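A.B. asks: Dropping a structure here in structure tokens format, bear with me for questions.
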Amino acid sequence: MYEKPLVIARTGDVENAPENTLPAFESAISRGADGVEFDVHVSVDGELVVHHFYNLGTTDNGEGLISEHTLAELKALDSGGWFDEQFAGEPKPTLSEVFELCKDRTRLEVDLKDSSAGFLRKVVGEVERFDLVGDVELTTAHYPLLTQIKKLNPELRTGTFFYEPPGWMPVRLAQRHTLDWADLLGIVVVHLNIAL
């Protein structure tokens with residue numbers, strides 16, 4: 001148990017650099033964050049790419065779904081100019097580039113955005129290749145992936161999100177369901193809405 005709350009920089013240090021870029025992660029680490037959180041997708045040619053939304057266009061000059069583009073097309077996008085001209089031309093990082101930057105420097109919370117078994121095997125393979133099993137939490141809203149993660153590597157920490165319960169459900173019942181689901185799915189970390 002930790003004596004103090006962990007400070008996890010969601011998508012990096014977004015006050016000083018464009019989200020989900022290497023400069024944002026570097027800034028978060030240099031400012032003392034205990035960890036960084038980011039999202040990973042798979043490109044149409046099977047590469048693991050770090051980006052927040054399923055769609056392009058919010059933090060870059062692209063269009064369409066990230067999963068419908070090749071890595072080369074995604075790397076060619078400007079993922080920093082929207083934030084500040086000093087970051088113009090900043091490319092989207094791959095998962096391996098983020099692991100290279102962060103290894104032995106900070107904890108990692110990787111939010112899995114794709115739902116396929118092939119995608120999951122690739123992500124777990126990268127975690128193992130970089131020897132990061134003890135430093136990574138794999139988080140996803142795609143619940144079936146949670147049990148598959150444990151089948152691929154039982155040592156990996158998993159997490160998911162529990163949102164505000166519907167109006168008809170008493171909070172104490174939602175809390176019990178949260179604990180039950182965590183037990184059933186082997187979840188180590190639960191991300192709770194403040195209502196819970």
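The values are calculated or read from the model by the stated rules, or taken from the named source; none is laboratory data. Quick caveat: nothing in here was measured; it's all calculated off a predicted structure. No Cβ is skipped: glycine too gets one built from the backbone with ideal geometry, and neighbour counts run over all protein chains shown. Only protein heavy atoms, including side chains, enter the accessible area calculation; ligands, DNA and RNA are left aside. Shrake-Rupley method; radii C 1.70, N 1.55, O 1.52, S 1.80 Å.
A.B. asks: At R129 and T70, where each label point lies 7 Å from the Cα along Cα→Cβ, what is the point-to-point distance in nanometres?
C.D. replies: Distance between the two pseudo-spin positions: 1.9 nm.
A.B. asks: Counting only heavy atoms of the protein chains, get the accessible area per residue of the chain (1.4 Å probe) and round it to a whole Å² value.
C.D. replies: Using a 1.4 Å probe on heavy atoms only, each residue of the chain averages 52 Å².
A.B. asks: Given a 1.4 Å probe and the protein chains all in place, what does the accessible area of Y54 round to, in Å² to the nearest 10?
C.D. replies: 110 Å²
A.B. asks: Dimensions of the stretch 1-54 along principal axes (Cα, Å, largest first)?
C.D. replies: Taking max minus min along each principal axis of the Cα atoms, the stretch 1-54 gives 43, 28, 15 Å.
A.B. asks: Something else: When the Karplus curve 6.51 cos²θ - 1.76 cosθ + 1.60 is applied with θ = phi - 60°, which whole-Hz ³J(HN,Hα) does each residue of the stretch 22-39 get, with x for Gly and Pro?
C.D. replies: 4, x, 5, 6, 4, 5, 4, 5, 5, 8, x, 4, 6, x, 10, 10, 7, 10
A.B. asks: Could you tally up the Lys pairs in the chain with alpha carbons closer than 25 Å? Skip any pair fewer than 8 positions apart unless they're on separate chains.
C.D. replies: Qualifying lysine pairs in the chain: 17.
A.B. asks: Follow-up question, since we're still on this one. Output needed for the chain: three equivalent-ellipsoid semi-axes, defined as square roots of 5 times the C-alpha gyration tensor eigenvalues, in descending order, whole Å.
C.D. replies: Sorted largest first and rounded, they come to 28, 19, 18 Å.
A.B. asks: Let me ask something else. Calculate the FRET efficiency for L184 and A88 from the Cβ-Cβ distance with a Förster distance of 35 Å, rounded to the nearest 0.05.
C.D. replies: After rounding, the FRET efficiency stands at 0.15.
A.B. asks: Could you please state how large a percent of the accessible area of the chain is carbon and sulfur, counting protein chains only and using a 1.4 Å probe?
C.D. replies: Exposed carbon and sulfur together represent 52 percent of the surface.
A.B. asks: Any idea what diffusion coefficient the stretch 1-115 gets from Stokes-Einstein, in µm²/s, Kirkwood Rh on alpha carbon pairs, 25 °C, 0.890 mPa s?
C.D. replies: D = 173 µm²/s.
A.B. asks: Antiparallel versus total DSSP beta bridges in the chain: what percent is that, nearest 5?
C.D. replies: Antiparallel bridges make up about 20 percent of those DSSP assigns within the chain.
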